[in-house]
Amino acid sequence: MNGAERRILVDADACPVKDEVYRVAWRVGVPVTVVSNQHLRVPDHPQVKRVVVGSGFDAADDWIAEASGPGAVVITADILLADRCLKAGADVLAPTGKPFTTSSIGAAIATRAIMADLRAGGEQIGGPAPFSKADRSRFLTALDAVLTRRC
């Protein structure tokens, strides 16, 4: 599955932009695989495939990383999964539209580690900002740009 065919892989359990992924994918004719640890509803469409993995730790991440590669666009907020997919040659977008790139992933991993250390030390730090309409719009623009660039 690591060929260069165009496809979208969605880390779906907590993904707020699945409907947007479907809309863009259908418009440009790219298949979508929705990967989750639990049964999620997906549209009954020939371009949408659902994969439900086991409940094991990182089972969805492992499936997505294995399936990613050149031609894949991976949608995830998981920084460590993004790193694995970038190393496999995939394009990776966060649901906010922020692209993960080989030049930015190191800083993202470092920031994640610092925040985890602060939380482990008892620091009261806020989580990510609430998902907004601007994030959704940025995501649509970014996904369209990645898929158009691949045409």
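The values are calculated or read from the model by the stated rules, or taken from the named source; none is laboratory data. Everything numeric in this text was worked out from a predicted model, so none of it was measured. Using ideal geometry, Cβ is built from the backbone for each residue, glycine included, and neighbour counts are taken over all protein chains shown.
Some points to look at:
- So Val10, is it over 25 Å from Pro130 (Cβ atoms) and of a type in the set (A, V, I, L, M, F, W, C): no
- Annotation: of all residues in segment 17-38 being assigned to a loop (DSSP other than H, G, I, E, B) and either of a type in the set (D, E, K, R) or at pLDDT 95 or above (or both), the one that is farthest from Ala142 (Cα to Cα) is Pro31.
- Scanning segment 115-151 for residues that are surrounded by 11 or more Cβ atoms within 10 Å (Cβ to Cβ) and at pLDDT below 70 yields Met115, Leu118, Arg119, Arg150.
- Filter result for Arg41 (modelled with pLDDT of 90 or more and in a strand (DSSP E or B)): no
- Residue that is at pLDDT 95 or above and among the acidic types (Asp, Glu), where the choices are Asp91, Asp78: Asp91
- Considering segment 5-16, the residues that are surrounded by fewer than 20 Cβ atoms within 10 Å (Cβ to Cβ) and farther than 13 Å from Asp78 by Cα include one that is modelled with the lowest pLDDT, namely Glu5.
For every residue, the table says whether it meets (1) farther than 15 Å from Val10 by Cβ; (2) surrounded by 15 or more Cβ atoms within 10 Å (Cβ to Cβ); (3) in contact (Cβ under 8 Å) with a residue 60 or more places away in the chain.
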{"site": "Val51", "(1), (2), (3)": "no, yes, no"}
{"site": "Trp63", "(1), (2), (3)": "no, yes, no"}
{"site": "Pro70", "(1), (2), (3)": "yes, no, yes"}
{"site": "Ala77", "(1), (2), (3)": "no, yes, yes"}
{"site": "Thr102", "(1), (2), (3)": "yes, no, no"}
